[in-house]
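Enquirer: Just passing along the structure, written as C-alpha cells.
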Amino acid sequence: MENNFFIDSEYLSEEALEKKHRLETDPSSRKNHMEYLPGMEKIESDVCENVMAHMKSYDYGKYTPEDVKAALEHENCTVEDFKALLSPAAEPFLEQMAQRARTETGKHFGNTVYMFTPLYIANYCENYCVYCGFNCYNHIKRMKLTYEQIEKEMKIIAESGMEEILILTGESRSQSSVKYIGEACKLARKYFRMVGLEIYPVNTDEYKYLHECGADYVTVFQETYDSDKYEQLHLLGHKRVWPYRFDAQERALRGGMRGVAFSALLGLSDFRKDALASALHVYFLQRKYPYAEMSLSCPRLRPIINNDKINPLDVHEKQLCQILCAYRIFLPFVGITVSSRESAEFRNGIVKIAATKVSAGVSTGIGDHEAKYSGKESDGMSGDEQFEIDDGRSLDKMYKDIENEGLQPVLNDYLYV
Amino acid sequence: MNNNDKLIIGGHEFNSRFILGSGKYSLRLIEAAVKDAGAEIITLAVRRANTKERENILDFIPKGVTLLPNTSGARNAEEAVRIARLARELGCGDFVKIEVMRDSKYLLPDNQETVRATEILAKEGFVVMPYMYPDLNTARDLMNAGAATVMPLASPIGSNKGLATKEFIQILIDEIDLPIIVDAGIGRPSQACEAMEMGAAAVMANTALATAGELSMMAAAFRQAIEAGRKAYLSGLGRVLTRGASASDPLTGFLRD
C-alpha cells in the first residue's frame, strides 16, 4: 500500500495545476536533486559517503534470531549488532530490547525526561514536498508573525513555565529570512533558557550568525536517506537538493552550535534503512565532532490539512518502539525526542524505555497559542497547522503525568556559554 | 570512629566522606543522600540550577549542606570559568567542581583545559575541586595551580564499573599532598569501600544510588561501606597476600650482622 499524496486544490490556477501535474508525472521536468543551487555552501566531508555505504549494503533479511541474541549479549553494541537489532528477526525480542534500552537510558540519563515546546513563527513555503501540510500547492491559511506577535506568543508560552523552545518556520528564505529568524532567536533568549531551531538548512556563516543570536541547537530532518525516493517526494524548491540537506548538521556544528538533531520521517520509504542511516549519521558525525551534543527524533507520517488519509504505512507502534530501543542500545548517550505526533499512551510508555525528551503544550499552527493556552476565542488571525498532532497535553498535564510514571520532569539542563 | 578524623577541603571541615554527585537529580535522591548516606556536600550542575521559579533546584538543598556547583557543559577552560562565576552569582558559594569535557559519548574530562581553569579560578578565590583522568603529572599541575582536592575518575561516568583506574588512583594517593576524592564510575558500596581502604579521602557517587531499587537502603549501604573502608585505612591494613605464598623461612635469614 502507498499513500496518495497528490491532492489538487480548487484554488490553484490552470497554469499552476498544469505545472504541479507535470512535476508529479514527468521526472524530467524536475531539477537534479543531487546538484547544489547557487549560494549553497559545499563542505568537504566523508560522513555522507560512510552512511550511504552502510545503508546501501544493509540486507536486513539476512539476520537471524541468533544474531539478535548475540547483539543483546554484547556489552558494546557494534554497527553490525545494531543492524541485527533493526532487522525483522529482532521483532520477537522487543521486550528484551526494551529491558536493555531501559538500563542504558538509566545509566546515562537516570530518571530524567526533558520537556520543550515548538513555536512555529511562519508557514510560508517555497517547496513542493508532497506529504507536508505547508507545501506550496496546499491551500492553507498562510501567516508570518511580526516581531510583536512572536514576543506575545513567547510570553504566553513562558508563562506556562516552559524553559526550552524550538523555533520553526516553513522553508521560505524570502518570507522567513535568516535575519528574521535571528531576531526571533534574540527575543527567545529573553524568555527561555534554551533556544533550538528547526528551519531550512543554511550555510555555516548563517548558522554562526543564528548561534550569536542565541540559538544553540539545530534540528534538520533528512526525511528519507534514500535519495532516489527523496527525489520523488520533494518535487520543487531548494529543499529538493538532498546532499545540501545532509550536511546541514555538520555546517551547524562548524558554525558553533552546541548540538544537532537528526531524523528520517518514518513512513516515507524503507523505514529500517532510514533508521539505520539516521543513527549512522549521528555515529559518524559524533566521531568527527566528539564534543557535540546529538539527538534523534522519530517522527512518523501524519495526516495534513486537505489530506487526512496520510499515514505511516508499515511503521506501527511496535516497529517504532523497536527502532527507538535499537537507537538507545547503539547510541546510549544521545537524546531521543518523541513528539506530539504520537499518542499520550505511547509517549508515557516510551519515556520509561528510551525517550529522554517530549514536547508539551504543542501547536503546529501559527500565532494561536493564546487561543490554545487560555481557551480564549481565536481572533481568526492565525495560520494553519503543518500536520495534525495526536497528544495535545499541556505542560502542566505532561509534567504531572511524567511524575506519576515515577520519572523526573526537567524543564532546563542547559546553559548558553 | 575517631571524632578528629575530618575531611578538610580548602580549610572547611566535614565529617562525612560521601559526596553526592550530580547528573541524576531528584528531591528523593537528595533526601536519601543527606539522611541515609550522611552527605554534607552535594554537587549541583549549574546548568540544572539555571532554572526559573517552577523548579528552583536550589530550594531542594537542605540547610547546613555545602553546595558544590559543577561546570558540566563546559567544553573548554573559558566556558568552565564563566560557569563557575555564574554559580557564584547564583549564590552557590565559593566551592566549584571543574568539569571540562570535549566528548559527549564517554564524558571523559579534558585534563589540560581543567588545569587551565583551575589556575584561573583558584586565583579568584574559589575552592577548586577538579574532576580529572588519573594522571600523576596532571595531578601535580592541578596542585601547583591551587586545587583544593584532586578528583580522579574510577571509570567512565554513569558506568557503575568501579575502580577501573585503581593503580593510577593509588599513585595519586601516594604522591599528591591533597585529598584525593574518587569520582565517577563507583557502582557499588564494595567499590566505595575499596577506594577508601586505598586511602582515598572521600567518594563521590550518584548513578549508583539514583538507579538503585531501594534508594534509602542503598544510601545507608554507601555510608557504612565508606566508614568501613576509612576505618580499615586508618587502622593500617594487615598483610595482604596478593600473589603466591609467603616463604616461611626468610630469604635473608643467613645474614649475621
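Where a number appears in this text, it was derived from the coordinates with a stated rule and is not lab data. From a predicted model like this one, the values you see are computed outputs, not experimental measurements. No Cβ is skipped: glycine too gets one built from the backbone with ideal geometry, and neighbour counts run over all protein chains shown.
Enquirer: So if each residue of separation counts as 0.36 nm, and I subtract the Cα-Cα distance between A:GLU2 and A:GLN96, what length gain in nm does that give? Mind showing how you got there, number by number?
Expert: Details: separation 94, 0.36 × 94 = 33.84 nm, distance 3.18 nm.
Fully extending the segment from A:GLU2 to A:GLN96 adds 30.7 nm.
Enquirer: Here is a follow-up. If you take the Cα Rg of the protein assembly as shown and divide it by 2.2 N^0.38 Å, with N the number of residues, what do you get?
Expert: Details: Rg = 27.5 Å, N = 674, 2.2 N^0.38 = 26.1 Å.
It is 1.05.
Enquirer: From Cα coordinates alone, what are the radius of gyration and Dmax values for region A:318-404 in angstrom?
Expert: Cα radius of gyration and Dmax of region A:318-404 are 15.1, 48 Å respectively.
Enquirer: Which trypsin sites (Lys or Arg not before Pro) does region A:109-169 hold that lie in a coil by DSSP with at most 15 other beta carbons within 10 Å? Provide the component values of the computation, followed by the final result.
Expert: Numbers: sites: A:LYS141, A:ARG142, A:LYS144, A:LYS152, A:LYS155; in loops: A:LYS141, A:ARG142.
Hits after loop and neighbour filter: A:LYS141.
Enquirer: Could I have the simple spin-label model distance between A:SER28 and B:GLU13, label points 7 Å from Cα toward Cβ, reported in nm to one decimal?
Expert: Reported label-point gap for A:SER28 and B:GLU13 is 9.2 nm.
Enquirer: Would you kindly calculate the translational diffusion coefficient of region A:1-114, applying Stokes-Einstein with the Kirkwood radius from alpha carbon pairs, for 25 °C and a viscosity of 0.890 mPa s, and quote it in µm² s⁻¹ without decimals? Walk me through the numbers on the way to the answer.
Expert: Details: Rh = 19.3 Å.
Once the numbers are plugged in, D ends up at 127 µm²/s.
Enquirer: Going by how many other Cβ atoms sit within 10 Å of their own, how do A:TYR128, A:TYR60, A:TYR209, A:TYR120 line up, fewest first?
Expert: Values: A:TYR128 22, A:TYR60 16, A:TYR209 19, A:TYR120 26.
Listing A:TYR128, A:TYR60, A:TYR209, A:TYR120 from fewest to most nearby Cβ atoms yields A:TYR60, A:TYR209, A:TYR128, A:TYR120.
Enquirer: Where a Cα-Cα gap under 16 Å defines reach, which lysines qualify for B:LYS97, not counting those fewer than 8 residues away within the same chain?
Expert: Reachable lysines: B:LYS123.
Enquirer: Mind checking the angle between helix B:166-175 and chain B's longest principal axis? C-alpha axes, 0 to 90 degrees, to the nearest 10.
Expert: The answer is roughly 90 degrees.
Enquirer: Ok, one more. What is the distance, in nm, between label points placed 7 Å from the Cα along the Cα-to-Cβ direction at A:GLU15 and at A:GLU75?
Expert: So the two model labels end up 6.9 nm from each other.
Enquirer: With 22 Å as the limit, write out which pairs from A:LYS397/B:LYS105; A:LYS352/A:LYS397; A:LYS152/A:LYS239; A:LYS56/A:LYS229 have Cα-Cα distances beyond it, or answer none. If you can, show how the numbers build up before the last one.
Expert: Working: A:LYS397/B:LYS105 33 Å; A:LYS352/A:LYS397 17 Å; A:LYS152/A:LYS239 30 Å; A:LYS56/A:LYS229 13 Å.
Going by Cα-Cα distance, A:LYS397/B:LYS105; A:LYS152/A:LYS239 fall outside the 22 Å limit.
Enquirer: Ranking request for peptides A:322-328, A:253-259, A:307-313, A:10-16: highest mean number of other beta-carbon atoms within 10 Å first, then the rest in descending order.
Expert: So the peptides A:322-328, A:253-259, A:307-313, A:10-16, ranked by packing, come out A:322-328, A:253-259, A:307-313, A:10-16.
Enquirer: Quick one: of A:LYS19/A:LYS309; B:LYS6/B:LYS35; A:LYS42/A:LYS186; A:LYS273/A:LYS318; A:LYS42/A:LYS288, which pairs are farther than 21 Å apart, Cα to Cα?
Expert: Details: A:LYS19/A:LYS309 24 Å; B:LYS6/B:LYS35 19 Å; A:LYS42/A:LYS186 28 Å; A:LYS273/A:LYS318 17 Å; A:LYS42/A:LYS288 17 Å.
Over 21 Å Cα-Cα: A:LYS19/A:LYS309; A:LYS42/A:LYS186.
Enquirer: Please give the contour-minus-distance gain from A:HIS139 to A:ASP314: 0.36 nm per residue of separation, less the Cα-Cα distance, rounded to one decimal in nm.
Expert: Details: separation 175, 0.36 × 175 = 63.00 nm, distance 2.84 nm.
In short, 60.2 nm is gained.
Enquirer: For A:GLU104, what is the net charge nearby, where nearby means another residue's Cβ is under 12 Å from its Cβ and Lys, Arg count +1, Asp, Glu -1? All intermediate terms of the calculation are to be shown ahead of the outcome.
Expert: Details: positive: A:ARG100, A:ARG102, A:LYS107, A:ARG328; negative: A:GLU75.
Net of charged neighbours comes to +3.
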